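What follows draws every value from the coordinates through simple rules; no lab data is involved. Here the structure is a predicted model, which is why all the values come from computation and not from measurement. In this analysis, Cβ positions are derived from the backbone assuming ideal geometry, glycine residues included, and neighbour counts consider all displayed protein chains.
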Amino acid sequence: MSHRTVQDVMTRQVVRVVPTTGFHEILALLTEFDITAVPVVDDAGHPIGIVSEADLMYTQEAQEDPSSPLPPPPAQAEGPDRTGAETAQELMTAPALCTTPSTSVVAAARSMDRHHVKRLPVVDEDGRLAGVVSRSDLLKVFLREDQVIQHDIVEDVLGQVEGVSPAAVGVEVTQGRVVLSGVIEPRRLTPIVLRLCRSVDGVVSVTDRTASRSGPVAPSDHTGRRSAPPTVRLDPEAGTEMTTSFDPATTQSPDLSARVSLTPTGASPGRLDGAWWPRSHDLVSELPALAAEMDPRWGRIIRVTVNPAHWPVIPREVPVTGHVIQLGWFEQEQDADEVMVCSFIPRRLELLVIPPETEAAVAERLMTAAADPANARTGTDLLAAYGAPTAERSTLQK
């Protein structure tokens, strides 16, 4: 799913200053053009910093005021001392955090959020200032016409997900709010469709009113935390059948390989592609082992989506050997007891997440059942059927 880019929304006519521009002139420019910051450029037009209203306010805050109950701000521990600053060179925040015209609006928004800035200078291939993109610019994508959003969903989502018939799914869009109706078959594709619909620029929310010829999927919107698990080893065989066996002798010296079972090679998967039995509820600790197991078989894992029910902390990304895995999470669209693994090939696998505290014998049966091509149960239904702790039951026990 491609997003709009910075060049689609950025301001091209940019007010700028040079390092020698004075305090008064900068303030006059901010007032005249009703802006809150200006980029500072060098002789070649490369942005070297930004002067914002906040930078100018420091001069006022530092003034003596016996009537004020608050003391002057302390000297900055990092960065230049702006006491008595008179020029852009002395006032600016540097270096300038920049972006490019081809950067997606999503990536630009994440960069602003991560670095706590309100705007980004946009530079061309030579590093020269080509524009500025602000928070309000990025939000313009939510002003897209409903008909355009509807067209994108039909063509770029329903028309691209293999197995989904666009003619069987109704799409209504009102002020960016999307309602899906009709039939999505196979039902296991519904979370994927919902996720992709949310990624369309301009979509505010997505409501699923689709049905299935075989009945609806059991809903899940659970949260809860689990205690640390005992150490037990499940050792998947290297063969295509991914059979499982247990070795009690290793409980004192646990194997750090991932405990995974997958549908046999060549067989069409059932509701799930297999199962994963992590040793803890810590994604940072568990994903490297999962990637080491999956990368050679299915291509480099680039993204994993989870339900918060099993994971108290969900970072944006997790470094693994040789690359980084991006993480996403969904409470309503993704079964509470499942994880979706996306590879570079591309390929998507939906795995049952067996809680770490599950007894070894029960976990072994679940690993086999989840990888069975005849399985039609969701992750939550499988755990319940075998008496294993589900996200719902863990929440109720809290």
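A few comments on the model shown:
- Residues listed by number, region 132-153, amide nitrogen under 17 Å from Glu53 label point at 7 Å toward C-beta: 134-137
- With the alpha-carbon atoms of region 262-398 aligned to their principal axes, the span from lowest to highest coordinate is 38, 37, 28 Å, starting with the largest.
- Simple spin-label estimate for Val15 and Ala361 in nanometres, 7 Å along Cα-Cβ: 7.6
- Normalised by 2.2 N^0.38 Å, where N is the number of residues, the C-alpha radius of gyration of region 112-182 stands at 1.59.
- In order along region 301-306, the phi-based Karplus estimate (6.51 cos²θ - 1.76 cosθ + 1.60, θ = phi - 60°) of 3J(HN,Hα) comes to 6, 10, 8, 9, 10, 9 Hz; Gly and Pro are listed as x.
- Inter-label distance for Ala211 and Glu32, nm, one decimal - labels placed 7 Å from Cα along Cα-to-Cβ: 6.6
- Take every Cα pair under 8 Å whose residues are at least 6 apart in sequence, average their separation, divide by the length of region 290-398, and the relative contact order is 23 percent.
- Distance between modelled label sites at Lys140 and Arg347, nm, 7 Å Cα→Cβ extension: 4.2
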